[in-house]
Structures are given as C-alpha cells and as structure tokens.
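Participant: Below you'll find the structure I mean.
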Amino acid sequence: MLLHEDPAVTIRGISVSDMDNNVYLLTAKKSGAQVLIDAADDFPAIEHLLRDGAADAAGPAKVELIITTHSHWDHVRALPDAVAATGAKTAAGAEDIPAIEVPTDVSLEHQDVGRFDGFSLEAIKLRGHTPGSVALLYRAPDGPAHVFTGDSLFPGGVGNTQKDPERFATLFNDVHDRLFGYLPDDTVIHPGHGKGTTLGAERPHLDEWKSRGW
C-alpha cells in the first residue's frame, strides 16, 4: 500500500501475520535507494513490497539497510530471509542488539542520522517497551514529517510496559519529550501494528495516559 509520496521518496507499507505487524519501505525515487523497517514476517509478501517500491524508482532499486525498531520476536521473523535475499546491512538500537539473532551491522543511538542517496532518517530512542527501542524520523521536503514508532506509540497510548511503573515512566517521558516536544502536530505516526495517527490527534490525551499509567 502506498502511504506517502513526495518529490524525493515513496513510503509503502504492508501488514503481515495474524498480529497485524506493519512492514514499511522507503524508496528514493531518483536513486532507488531503499530502507526496510521491521522485516516482521511473511518474506514472500515483503518481496512483493520490495518489487512495488522498485517500480517507484527511476534508478535500480537496492535495499541499503534493514532497520529493526525493537527486538521482540514478532518484528524479526523474516529478518534472516530479508538479509539473505537483499544483502542489506542491518541496524537496531544498541541495547536491543544482543536479543536479535541476526547479526546487526549498525548500532543506533539517539539522534543518529542515516543518510541515503535521496533521503535521511533520524533515530529517536524511545526506551521502555524494550531498552533499545528506536523510532525513525523522515522529514518530507514539502509536507509533514513521518515517524515509524515500532511498538512505542500507537493511537490511544504508548506501548506495553507490562505494568512496570518505572518502564512506563521512561517510555512516557521519552515519547513526551522526544516526539511531542520535538515535532509538530501534523507529524504522521506509523506504528508497528495497526492503523496510524498524528501527533496532533494524540496530544490532547497525554495527561490521561500519564494518569492511567499505561
């Protein structure tokens, strides 16, 4: 599914598995450089996504990097096949790397920027759902920003922290400061499961989330 198109990039996404995991692909229109976010499951479906992305590009498409937003098993089931088929490098938040069975080439820290031929992505560390969860920020040249939040922010609240008050506080504070305090309301949120939202749609509920503790 085509989620966004601008002069530089297309963003496509698919849902895989009975857990409704989202897999996202950014493709640079001119160069064909691609970044795949969360090779969650169903590699044949991901191959189809890659072919659709390749058709968006004037140049030959190539997956430059596969980024895993966090180490939970449902977000990495197709990662071995994706790496084998594409030869792409892999990236994940530093603290989550030991829990990912596929070797990780790039260790991500907060506000690291990956520069590809036609676009950039900024890593935003959102700790709490897992210790090294990362979101990826794409700043569109002529429209709202796009953030791929993994399981750290959804419509209606932050990600699951297993009723641990310390983990919830960490995640809530990171989401509050590093997303809502950093980006405007028209920013589009692409979560790890289900439908997307915007920061503006969710901002009025921040106090409610903080009070309920999840």
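Participant: Could you check the range 62-73 and list, in sequence order, the residues that are among the hydrophobic types (A, V, I, L, M, F, W, C), buried (at least 20 other Cβ atoms within 10 Å of the Cβ) and free of Cβ contacts under 8 Å to residues at least 60 places away in the same chain?
Facilitator: At the first step, the residues of the range 62-73 found to be among the hydrophobic types (A, V, I, L, M, F, W, C) are 63, 65-67, 73.
With buried (at least 20 other Cβ atoms within 10 Å of the Cβ) added as a condition, the list becomes 63, 65-67.
Those that are among the hydrophobic types (A, V, I, L, M, F, W, C), buried (at least 20 other Cβ atoms within 10 Å of the Cβ) and free of Cβ contacts under 8 Å to residues at least 60 places away in the same chain: V63, L65, I66.
Participant: Right, next: Which numbered condition trips up A58, out of (1) buried (at least 23 other Cβ atoms within 10 Å of the Cβ); (2) in contact with a Lys or Arg (Cβ under 7 Å, 6 or more places away or on another chain); (3) of a type in the set (A, V, I, L, M, F, W, C)?
Facilitator: (1)
Participant: Still on this structure, I have one more. Scan (1) assigned to a loop (DSSP other than H, G, I, E, B); (2) within 30 Å of G128 (Cα to Cα); (3) in contact (Cβ under 8 Å) with a residue 12 or more places away in the chain for the single condition K30 breaks and write down its number.
Facilitator: So the condition that K30 fails would be (2).
Participant: Let me ask you something else. Search the range 131-153 for residues being among the hydrophobic types (A, V, I, L, M, F, W, C) and crowded, with 20+ Cβ neighbours inside 10 Å, and hand back the single one that is nearest to D207 (Cα to Cα). Please lay out each step first, then the result.
Facilitator: Pass one, the range 131-153, residues among the hydrophobic types (A, V, I, L, M, F, W, C): 134-137, 140, 145, 147-148, 153.
Those left that are additionally crowded, with 20+ Cβ neighbours inside 10 Å: 134-137, 147-148, 153.
Values: V134: 23, A135: 22, L136: 25, L137: 24, V147: 22, F148: 23, L153: 15 Å.
Step by step, filter the range 131-153, then rank; the result is L153.
Participant: Only one of D20, D38, D6 is under 19 Å from L153 (Cα atoms), in contact with a Gly (Cβ under 8 Å, 6 or more places away or on another chain), surrounded by fewer than 17 Cβ atoms within 10 Å (Cβ to Cβ) and in contact (Cβ under 8 Å) with a residue 40 or more places away in the chain; which?
Facilitator: Numbers: D38 fails: surrounded by fewer than 17 Cβ atoms within 10 Å (Cβ to Cβ); D6 fails: under 19 Å from L153 (Cα atoms).
Going through D20, D38, D6 in turn, just one is under 19 Å from L153 (Cα atoms), in contact with a Gly (Cβ under 8 Å, 6 or more places away or on another chain), surrounded by fewer than 17 Cβ atoms within 10 Å (Cβ to Cβ) and in contact (Cβ under 8 Å) with a residue 40 or more places away in the chain: D20.
Participant: Residues in the range 133-151: is at least one modelled with pLDDT of 95 or more, among the β-branched types (V, I, T), under 21 Å from D74 (Cα atoms) and over 18 Å from the mean Cα position of the chain (by Cα)?
Facilitator: no
Participant: Looking at the range 2-9, can you tell me whether even one residue there is farther than 25 Å from D117 by Cβ, part of a strand (DSSP E or B) and among the hydrophobic types (A, V, I, L, M, F, W, C)?
Facilitator: Within the range 2-9, none of the residues are farther than 25 Å from D117 by Cβ, part of a strand (DSSP E or B) and among the hydrophobic types (A, V, I, L, M, F, W, C).
The values are calculated or read from the model by the stated rules, or taken from the named source; none is laboratory data. Bear in mind that the values here come from a model prediction, so they are computed numbers and not experimental data. Reconstructed Cβ throughout: ideal geometry from the backbone, glycine too, with neighbour counts over all protein chains shown.
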